[in-house]
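Accompanying notes for the structure given below.
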């Protein structure tokens, strides 16, 4: 089974036919991990696809992965959510391909937004870290009640309530484009000779 034969693309309206399968994979993933995850309906997933806010992974006509984005507080925050991979296609680096494609979609549509993710998955946390996300407290995430209302379908929702939405079993992670731009503006390039060519290296000014 080759990763190269799998397409990871921005979802279009014709992909709404996979909404039921996507919901099934999300539910099965939660059961396998034994952790909570907010339930999503096929109509909800279809709306994300129609709105140009989703990514699908396909092998031919078979759906094998999915993720989507949501914007909050008038586009100031964007959440990447619902990353799933068919169990038969795991350990192929596919989750990272989907995540990076979803990240690209979010950055294209909302270039100035803070991107965030809440997850109980250690692999997702590691992947987020490679992409520049930082662990943060829930207070640094969106305050939009509609976002947190989406957690009501999670089996751990009572924990979130008891802690007055300050913490739960999920870890919050944030990518702030303003901070990334500031960091890069402080980087000064210099050349070093490596092998048979010069390469540009950056260090803090």
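The numbers here are math on the coordinates, done by the rules we state, and not lab data. Because the structure is a prediction, the values reported are computed rather than measured. Backbone-built Cβ (ideal geometry, glycine too); neighbour counts: all protein chains shown.
If I take every Cα pair under 8 Å that is 6 or more residues apart in region 32-108, average their sequence separation and divide by the length, what percent do I get for the relative contact order?
24 percent
Please figure out what share of the DSSP beta bridges in region 3-204 is antiparallel and state it in percent, rounded to the nearest 5.
Bridges in region 3-204 are about 90 percent antiparallel.
Between residue 163 and residue 92, what length comes free when the chain is fully extended (0.36 nm per residue of separation minus the Cα-Cα distance, one decimal in nm)?
21.8 nm
Can you classify region 3-204 as rounded, prolate or oblate using the Cα gyration tensor, where a ≥ b ≥ c are the square roots of its eigenvalues, rounded means a/c under 1.5, and otherwise it's prolate if a/b beats b/c and oblate if not?
In terms of gyration-tensor shape, oblate.
For region 3-204, what does the relative contact order come out to in percent, with C-alpha contacts under 8 Å and a separation of six or more?
19 percent
Given points 7 Å out from each Cα along the Cα-Cβ axis, report the residue 112 to residue 17 separation in nanometres with one decimal.
Using points 7 Å along Cα→Cβ, the separation is 4.1 nm.
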